[in-house]
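Step one of this worksheet: look at the structure below.
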Amino acid sequence: MRFLLTLFLIFQTALHGQQKDFNLIDYEKADNTANKLEGASLKNLPLLTYNLTNDLKTDVEKFRAIYLWVCTNIENDYVSYIKTKNKRKKIKKSNASFLAWNKSYTPKMFRRLVNDKKTACTGYAYLIKEMANLAGLQCEIVNGFGRVLNADLNIKSAPNHSWNAIQLQQKWYLCDATWSAGTFIINEDIPVFKKNFVNGYFLTSPEYFKRNHYPIDKKWLLSNPNYKFEDFLAEPLLYKDAFEFGTYPITPNKMKISLNKESAFEMIVQSEKKLVKEMFQFTLNDGNKSKTIIPEVEVVKNGYLLRHQFQFKGTYDLHLNLNKKPLATYVIKVTK
């Protein structure tokens, strides 16, 4: 218990600089500007960028207006996603080949984006970069691996995602416009994109961002340079609501956990918001049935300790929920 709390406090201290850098900034004017320009054309990108940023004072407000406009006006295109995914598979053995193809593909993709306002992650990242650069901001495209439920990543996987790094106040920050824009839902076996702005992927702390983003170039981790791809693959699976609620499991930091029936499963959760104990739920699935339980919850310094005692041996998918929204998944093997 003492070890968990110590580890938690070290982690807590390390990450807060990123999250609090812009706490005093009010994004209302930037957001209103982006909303008023809903539906604006992409055919004159300098004019659109000027209209989004000209009346805003700070660089972070300018970037916020660009980011929100892109996320709420561009639709994630499943056709482009599949095309990009298939190409990545063909050249997965060479990161250099992938980056070269990605560079040559973006102008072609951009023409479709301008006309249809549809794109895949490469297009989102390209558009964010171009508009930020037009506003006088330094912004880069980051290529790498995005970890989601159906990604099925392993050590030999091809890069499957792109996002951005933006420099503000001489410091680099990370964001993912694709995942901020919304999600695909399956309607009669057909993927349909549903717009739903997720603020949690805007200027996210790198300590959290790396839980489901791993760059080809490790400098864009912006955090622990010793963090390996193998560490990334071993992490518990985090969902968008963890980022939206600002609520994250800190320990255990491995998805697969083994314990015996005499040992309770313990998890420490850190949140940017004050939570009520009853908001937490565990959903347990043993492969045959699923049930939702309320774990024991103890308030600790700047966080919450969740505990559950398993009664039977077996392998369980344990889903951490907050108000019935999924935050993370673990796989628990319980032995005698």
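The values are calculated or read from the model by the stated rules, or taken from the named source; none is laboratory data. A quick note: this is a predicted structure, and the numbers were derived from the prediction, not measured. Cβ coordinates were reconstructed from backbone atoms using ideal geometry, including for glycine residues, and neighbour counts include every protein chain displayed. The area values use the complete protein model at the heavy-atom level, side chains included, leaving out ligands, DNA and RNA. Shrake-Rupley method; radii C 1.70, N 1.55, O 1.52, S 1.80 Å.
Structural remarks
- Under the condition of being over 21 Å from the mean Cα position of the chain (by Cα) and at pLDDT below 95, the residues counted in segment 15-38 number 3.
- Test result for Leu318, touching a Lys or Arg at 6+ places or on another chain (Cβ under 6 Å) and surrounded by 15 or more Cβ atoms within 10 Å (Cβ to Cβ): no
- Exactly one residue out of Lys129, Lys108 is at pLDDT 90 or above, open to solvent by 30 Å² or more (accessible area, probe 1.4 Å), within 20 Å of Lys43 (Cα to Cα) and part of a helix (DSSP H, G or I): that is Lys129.
- Every residue from segment 263-299 that is of a type in the set (A, V, I, L, M), open to solvent by 20 Å² or more (accessible area, probe 1.4 Å) and assigned to a strand (DSSP E or B): Ile293, Val297, Val299
- Taking the criterion of being part of a helix (DSSP H, G or I) and open to solvent by 50 Å² or more (accessible area, probe 1.4 Å), the residues of segment 238-262 that qualify are Lys240, Glu244, Phe245.
- Of everything listed in (1) in contact with a Lys or Arg (Cβ under 9 Å, 6 or more places away or on another chain); (2) modelled with pLDDT of 85 or more; (3) exposed (fewer than 14 other Cβ atoms within 10 Å of the Cβ), the single unmet condition for Leu137 is (3).
- For segment 160-209, residues that are under 24 Å from Lys254 (Cβ atoms), modelled with pLDDT of 95 or more, assigned to a loop (DSSP other than H, G, I, E, B) and not acidic (Asp, Glu) total 0.
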